Amino acid sequence: MNAPIRSLLIANRGEIAVRIIRACKELGIRTVAVYSEPDINAPHVLAADEAFCIGPAPSSESYLRMAAIIETARAAGCDAIHPGYGFLSENAAFAKAVVEAGMIFVGPPGRAIEVMGDKTSARTLMIQRGVPVVPGTESAVTSVEEAERTAGEVGYPVLLKAAAGGGGKGMRVVENPADIGKALESAQNEARSAFGDDRVYIEKFVVQPRHVEIQVLSDAHGNHLYLGERECSIQRRHQKVVEEAPSVIVDDELRARMGKAATEAARACGYVNAGTIEFLVDGDRNFYFLEMNTRLQVEHPVTEMVTGIDLVKMQILVAEGRPLPFTQEDIRIRGHAIECRICAEDVRSNFLPDTGVLARYRPPQGFGIRDDSGVAEGGEISIHYDPMFAKLIVWGMDRKDAIRKMRRALDEYVIDGVETTIPFCRYVMDHPKFNEGDFQIDFVQKYYRPEYLRRPTEDEKIAAVLAAVFSEEEREKAGGTVRESGDRPARSCSPWALRHRYGGER
Ligand code: MV4
């Protein structure tokens, strides 16, 4: 069908652009980066074989300019474009325009993006194919009477969702019949202003669910495989913070059933590429289709770590029209992987995005550690783009091993210049409920309190300084390593230990 890809343009920036360039290098594919003016020295620009400036800082004037990107690809002699995630990755018009221009879009057919982008048409398709969906309306509700009737049938509480939505925007929980008229009107208004489309549909509100998603891989020959699940319940305001594979609530039997449903969803929309089917899983381990993400996802590395499969290479391979080189039986889940998203945000100021120069960036190293970062030491983090500038992924023999490795790795990070979400990730790794695997989508809301990661008080800072001074005196008296009576090792007085013991203030 398609031809081998020799030269690929990456229509993205940051860690994901670097990630894609790395795969291309291993495949012998020439890479072309595009960048905005302030990104001229960014890692993705330096890593690519060639790079072209496509405009000023605002995404709308650079990374979102479809015509400019396609023209750049043509001029640079590219035969394919990879959109990464975000930006143009789920824009059906872009996918089609790339193909119109005679190039390969390393992503699904535009039609599949369209069908899955409209949440009601996705629901209709899933119902037709026997994929379990949350009880509710098949299409948008057109009147308050219809809304009342449906809600009465499925039972309260219900959730109103925007057909053009996704990711939690424009949702309304309705607890009782008296409120549904008002809620419908406000949901429609919000949907209209957010998406230019006021269609709203109804689902039964699933109480205390977990968010579990299945990775699928589909080629152009009708092969659809599942690569296990990712547990994504640890999120804050619809932004995932920690993801892991496998999920503690998914056993082999449930994985097989969810995997079958997920590949059926991919088949139903004629999918070709890597894709993700999001499910809600309730307390009785019933699962319900939520939506399909028709792109490579931020958290794809945890699946790569436990399957050993390079998802970007597979995207390129199937985009070239080649069949997947393995079958479902070949796919094994081995060990456990966890990802922490490292964002330039001040956890102590309600996660306010922070900006500045990354004066020092020393990511952790060692066995089972993967640092996917998109900014290098000396680089600048600005307000123009997403605060997530790196991902830390660890692999361990089992979940406990992976959590311990993640704690160690988070502690090893040295980052100066911006505040990051590392202390928050560390908090999650220490939480008993996280360690027990006993959590749902409300984990952060339920357990996290801002005062847990507060700045140290003046008294605590003085105490830390005094402790450092006295332990240094002890160390000198002892001529090096401090030994207490009975040859017990004393508490370490390294700056590292003090930093973590007394609140992490620099
Ligand atoms: C739900 C739900 C409960 N019941 N649907 C939020 C984002 C969007 N993808 C769907 N979302 C939800 N849909 C029903 N019928 C709860 C959520 C939800 C959620 C889902 C996944 C991860 C985090 C979440 C946080 C709040 C609400």
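The values are calculated or read from the model by the stated rules, or taken from the named source; none is laboratory data. Worth saying up front: this structure is predicted, and the values here are computed from it rather than measured. Calculation scope for accessible area: heavy atoms of the full protein, side chains included, ligands and nucleic acids excluded. Shrake-Rupley method; radii C 1.70, N 1.55, O 1.52, S 1.80 Å.
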Contact order relative to length of the stretch 210-452, as percent, for alpha carbon pairs under 8 angstrom and 6 or more apart: 21
Mean accessible surface per residue for the chain, computed with a 1.4 Å probe while every protein chain stays in place, in Å²: 44
Average silhouette area of the stretch 210-452, convex hull of alpha-carbon atoms, in square nanometres: 13.2
Computed over the chain, Cα set: Rg, Dmax in Å: 24.5, 83
Surface/4 of the Cα convex hull for the stretch 339-494, nm²: 12.3
The stretch 360-413 versus the stretch 276-351: alpha-carbon centroid distance in Å: 18
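Hey, what did the chain get for relative contact order, percent, Cα under 8 Å, at least 6 apart?
After rounding, I find 13 percent.
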Over 23 Å (Cα to Cα) - which of 169/446; 400/433; 119/240; 240/446; 260/391 fall in this group: 260/391
Mean separation of Cα contacts under 8 Å (6+ apart) over length of the stretch 289-403, as relative contact order %: 28
Estimated D of the stretch 135-204 in µm² per second, where Rh is the Kirkwood radius over Cα pairs and Stokes-Einstein applies at 37 °C, 0.692 mPa s: 286
Share antiparallel - DSSP beta bridges, the chain, percent rounded to 5: 80
Once the Cα gyration tensor of the stretch 34-172 is diagonalised, semi-axes √(5λ) in Å: 40, 17, 12
